[in-house]
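Structure below; questions to follow.
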């Protein structure tokens, strides 16, 4: 008699064999092996979250790692796996794995360190991630409490202004089909503030001049002025500034702008310089090197001069203009 032995093989991703496993809890077509309720993944969060106002989008502003939470599931049909947010506190994105926190300019994500198909950033439902049906053995998709870590990251994804709070409570629930596996909880309310300085408007009196006041370079003596940075809080690491013309630009590299339309003088422009007399390129960011991260009051010293425009006839009259100072807090 001939005996034929057929050998079948299969590969199961993100699963573990559990001898004698049984379903302690089931919802719909999914079962949980050990837990008899939804597990809780609770994060402490920071005491406060103070973020410089112009921090680049995509910057991780806080992270926290937790372990000690397990989940062991299997479903009778392919399972849609991911996070459903709490709509009272968190927006549900159409995809990806970043969940916007309402009214804050921040989003969060959860990343699992292990678990095969359960590992990595946990996606939004929809569309979620599909977990294939496992063979009819004691094989389960598993997060082990003593091996897997969950990392919470809070990320700047929008504009942040003034003061607000990150809410306490359930931010979202990790699910497989209808099985609510783990609630993601922020244990307390977290005060959040966008860090910036007070920057008052300034008026620079340029004085009165005659044609003889222009030097051989066609420029009047420089007038000094300062941009004030008042009540700067601790936590800002860097301040940058740029000068933005509101009138036609005559020479971007040389920092020369036109006088405004209400002026009566002709043949002059305004040259913008630093305190060493070097031209400030328009629309270009400069770092304020004297800023102290401890905060306080500061001033950025600058100078300005009238310049004669050789292509135009010089006519006396008023010569006014406006320039916008763009300050960034990083």
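Would it be correct to say that residue 194 is buried (at least 16 other Cβ atoms within 10 Å of the Cβ) and under 26 Å from residue 309 (Cα atoms)?
no
Would you mention how many residues in segment 95-137 are farther than 22 Å from residue 50 by Cβ, touching a residue at least 60 places away in the same chain (Cβ under 8 Å) and in a loop (DSSP other than H, G, I, E, B)?
Taking segment 95-137 first, the residues farther than 22 Å from residue 50 by Cβ are 95-97, 110-137.
Restricting the remaining residues to those that are touching a residue at least 60 places away in the same chain (Cβ under 8 Å) gives 110, 115-119, 131-132, 134-135, 137.
Of the ones still in play, those that are also in a loop (DSSP other than H, G, I, E, B) are 115, 119, 132, 134-135, 137.
Selection size over segment 95-137: 6.
Hey, can you tell me all the residues within segment 163-204 that are more than 30 Å from residue 291 (Cβ to Cβ), assigned to a loop (DSSP other than H, G, I, E, B) and either assigned by TED's automatic domain parsing to the domain that holds residue 235 or over 21 Å from the mean Cα position of the chain (by Cα) (or both)?
First pass over segment 163-204, keeping only residues more than 30 Å from residue 291 (Cβ to Cβ): 167-189.
From the residues that got through so far, the ones that are assigned to a loop (DSSP other than H, G, I, E, B) too are 167-168, 177-178, 187-189.
Within segment 163-204, 177, 178, 187, 188 meet the criteria.
Ok, one more. Would you call residue 160 on the phi < 0 side of the Ramachandran plot, buried (at least 21 other Cβ atoms within 10 Å of the Cβ) and within 24 Å of the chain's Cα centre (by Cα)? Walk me through it before giving the result.
On the way: on the phi < 0 side of the Ramachandran plot: yes; buried (at least 21 other Cβ atoms within 10 Å of the Cβ): yes; within 24 Å of the chain's Cα centre (by Cα): yes.
The answer is yes for residue 160.
Still on this structure, I have one more. Name the one entry in 326, 305 that is closer than 22 Å to residue 162 by Cα, touching a strand residue (DSSP E or B) at 6+ places or on another chain (Cβ under 9 Å) and part of a strand (DSSP E or B).
That would be 326, the only listed residue that is closer than 22 Å to residue 162 by Cα, touching a strand residue (DSSP E or B) at 6+ places or on another chain (Cβ under 9 Å) and part of a strand (DSSP E or B).
If you go through segment 260-269 one residue at a time, do you hit one that is touching a strand residue (DSSP E or B) at 6+ places or on another chain (Cβ under 6 Å), in contact (Cβ under 8 Å) with a residue 60 or more places away in the chain and crowded, with 16+ Cβ neighbours inside 10 Å?
Looking through segment 260-269, none of the residues is touching a strand residue (DSSP E or B) at 6+ places or on another chain (Cβ under 6 Å), in contact (Cβ under 8 Å) with a residue 60 or more places away in the chain and crowded, with 16+ Cβ neighbours inside 10 Å.
Considering each residue of segment 216-229, count those that are surrounded by 12 or more Cβ atoms within 10 Å (Cβ to Cβ), over 36 Å from the mean Cα position of the chain (by Cα) and either without any contact (Cβ under 8 Å) to a residue 40 or more places away in the chain or part of a strand (DSSP E or B) (or both), and give that number.
Number of matching residues: 2.
Does any residue of segment 134-151 turn out to be in the same structural domain as residue 44 (by TED's automatic domain parsing), surrounded by 18 or more Cβ atoms within 10 Å (Cβ to Cβ) and modelled with pLDDT of 95 or more? Show your work before the answer.
Restricting attention to segment 134-151, the residues satisfying the condition of being in the same structural domain as residue 44 (by TED's automatic domain parsing) are 134-151.
Applying the additional criterion that residues be surrounded by 18 or more Cβ atoms within 10 Å (Cβ to Cβ) yields 134, 140-143, 148, 150.
Okay, now just the ones that are also modelled with pLDDT of 95 or more, so 150.
Scanning segment 134-151 turns up at least one residue that is in the same structural domain as residue 44 (by TED's automatic domain parsing), surrounded by 18 or more Cβ atoms within 10 Å (Cβ to Cβ) and modelled with pLDDT of 95 or more.
Can we say residue 314 is under 24 Å from residue 205 (Cα atoms), touching a strand residue (DSSP E or B) at 6+ places or on another chain (Cβ under 8 Å) and at pLDDT below 95?
In short, yes.
Sticking with this one: Which of the residues that make up segment 25-50 are outside any strand (DSSP E or B) and surrounded by fewer than 15 Cβ atoms within 10 Å (Cβ to Cβ)?
Once the filter is applied, which keeps residues that are outside any strand (DSSP E or B) and surrounded by fewer than 15 Cβ atoms within 10 Å (Cβ to Cβ), segment 25-50 yields 28, 36, 37, 44, 47, 48.
The values are calculated or read from the model by the stated rules, or taken from the named source; none is laboratory data. Values in this document were obtained by computation on a predicted structure and should not be read as measured data. Note that each Cβ is placed from the backbone with ideal geometry, even for glycine, and that neighbours are counted across all protein chains shown.
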